[in-house]
1. Looking only at region 96-115, which residues are part of a strand (DSSP E or B), open to solvent by 70 Å² or more (accessible area, probe 1.4 Å) and either among the β-branched types (Val, Ile, Thr) or out of contact with any Leu (no Cβ under 9 Å at 6 or more places or on another chain) (or both)?
2. Report those strands (runs of 3 or more DSSP E) wholly inside region 137-212 carrying at least 2 residues which are buried (at least 16 other Cβ atoms within 10 Å of the Cβ).
3. Could you tell me which residue of region 46-95 is surrounded by the fewest Cβ atoms within 10 Å (Cβ to Cβ), considering only residues that are charged (D, E, K, R) and farther than 16 Å from Thr33 by Cα?
4. Determine, yes or no, whether Leu127 is closer than 26 Å to Thr177 by Cβ and not small (Gly, Ala, Ser).
5. Against the conditions (1) in contact (Cβ under 8 Å) with a residue 12 or more places away in the chain; (2) among the hydrophobic types (A, V, I, L, M, F, W, C); (3) out of contact with any Leu (no Cβ under 6 Å at 6 or more places or on another chain), where does Ala75 fall short? Just the number, please.
6. In region 17-35, how many residues are surrounded by 16 or more Cβ atoms within 10 Å (Cβ to Cβ) and among the charged types (D, E, K, R)?
Amino acid sequence: HYPEVGDFDQTAVRLALEAEWRIGQWTLLVGPTLGRSTLDGEGFEELVGADLRVRRALGRGFSFEARALYDDTNAADPSFAYLDGSRRLVRLSMQHTGAARFRAGYDVEHNDRADPGVSPSRKRVSLVYQRRLSENWAADAAFAHRTSRYGAASVPRDERLLELSLSARRELRSNWTMGVEYQWFDNDSTADEFAYDGQRVVLGLSRSFYGI
């Protein structure tokens, strides 16, 4: 939500169904996904896709996951027809859980939209560290490095995005959680007009319905 520039207000909803199977030491999760987003209160993008994940515990607190996502994307309004097309993403991750949780991930993403200007090919490396500080408090730290190539755009360019975040969460009563997060980001581009940087502080209140 942008209080002073309402034209950029956005909302998004994504729904997923998931079936789970055990195949030997592997766990397979697969299902369909639906999504819809708005811009300034009007329909922006609609997604119909599929999500496939395979997981395996490796022992000594280590686990591996491979994930593949596909989205068929359609403009929710003719004025956004440049969004029509598809998005494919493959993610590999390794996690270790002990006194703390550490996860390393590698993503490869390809977009094939009607407009090459919104069809980047991307690679992303991420590191996440999570630790419980007490019975009610937990802290996270995350870092990501992403490269994007817009080879067929009207302004062909390569971009590099660095992201850093630090957060703390406190568990409240009745499955409520309060959190605060600091985010820093810096996007460098071979085309100067697409370079930017910034900082953000996010306060949040959420409720879990898992197990209810």
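The values are calculated or read from the model by the stated rules, or taken from the named source; none is laboratory data. Not measured: the values here are computed from a predicted model. Quick reminder, even Gly has a Cβ in these numbers, built from the backbone with ideal geometry, and neighbours come from all protein chains shown. What goes into the accessible areas is simple: the full protein's heavy atoms, side chains included, and nothing from ligands, DNA or RNA. Shrake-Rupley method; radii C 1.70, N 1.55, O 1.52, S 1.80 Å.
1. Correct list: Arg101, Asp112.
2. Result: 137-150, 157-171, 176-189.
3. So the first thing to find is which residues in region 46-95 are charged (D, E, K, R), and the list is 46, 51, 53, 55-56, 60, 65, 67, 71-72, 77, 84, 87-88, 91.
Still in the running and farther than 16 Å from Thr33 by Cα: 55-56, 60, 65, 77, 84, 91.
On the way: Arg55: 17, Arg56: 15, Arg60: 8, Glu65: 17, Asp77: 14, Asp84: 15, Arg91: 17.
Among residues in region 46-95 that are charged (D, E, K, R) and farther than 16 Å from Thr33 by Cα, the one surrounded by the fewest Cβ atoms within 10 Å (Cβ to Cβ) is Arg60.
4. The answer is yes for Leu127.
5. (3)
6. 0
For every residue, the table says whether it meets (1) at negative phi; (2) over 19 Å from the mean Cα position of the chain (by Cα); (3) of a type in the set (Lys, Arg).
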{"site": "Tyr129", "(1), (2), (3)": "yes, no, no"}
{"site": "Ser154", "(1), (2), (3)": "yes, yes, no"}
{"site": "Ser165", "(1), (2), (3)": "yes, no, no"}
{"site": "Arg173", "(1), (2), (3)": "yes, yes, yes"}
{"site": "Asp192", "(1), (2), (3)": "yes, yes, no"}
